[in-house]
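**Q** One structure is given below, represented as structure tokens, and several questions about it will come after.
Laboratory data are not the source of any read-out in this text; all were calculated from the coordinates shown. The shown structure was predicted, so the numbers you read here are calculated from the model rather than taken from an experiment. When we count neighbours, we look across all protein chains shown, and the Cβ atoms used for this are built from the backbone with ideal geometry, even at glycine.
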């Protein structure tokens, strides 16, 4: 009688341990989301080509991580760089698995971004790296650039916004 009860108890304990290991494997404590905000306290800079640019930075150990929002007639580009305030392509930061979770203007999800989520090849709550989106409207290639094709409405919303926020899991 004692042996079957002990076996049953060990089986239950093993099941509980296995389920807690499985649950913790699904949540990666190192994959944290980051908010990149461009509010109206950061002035737009306009370059010779007519693109509107805002930049931000944060300290990461001995490095400075820069993020640049560039809006031109055709597209929005969020570029991540390392130790380069200019945002040049050769200093773009590479990511192993960059996810864009949200793009919002003044607290509301950008309709164009929602369209990209709804029209990607693998439906997901975020735009995963290397996802294929219909018509190439959103590109998250992971090479440090997130690109979204713009229409007139979205471009005007972005330029008039008091706060533009990107939530990413780098």
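**Q** Using 0.36 nm times the number of residues separating residue 153 and residue 57, minus their current alpha carbon distance, what extension gain do you get?
**A** Details: separation 96, 0.36 × 96 = 34.56 nm, distance 2.82 nm.
Here the segment from residue 153 to residue 57 would lengthen by 31.7 nm.
**Q** Same structure, new question: Calculate the spin-label point distance for residue 162 paired with residue 96, positioning each point 7 Å from the Cα along the beta-carbon direction, and give it in nanometres.
**A** Roughly 4.0 nm, to one decimal.
**Q** Which translational diffusion coefficient, to the nearest whole µm²/s, is obtained for the range 34-169 from the Stokes-Einstein equation, given a Kirkwood hydrodynamic radius over C-alpha pairs, 20 °C and 1.002 mPa s?
**A** So the translational diffusion coefficient is about 143 µm²/s.
**Q** Okay, next question. Would you mind putting 50-60, 106-116 in packing order, based on average other-beta-carbon counts within 10 Å, highest first?
**A** The peptides rank, most packed first, as 106-116, 50-60.
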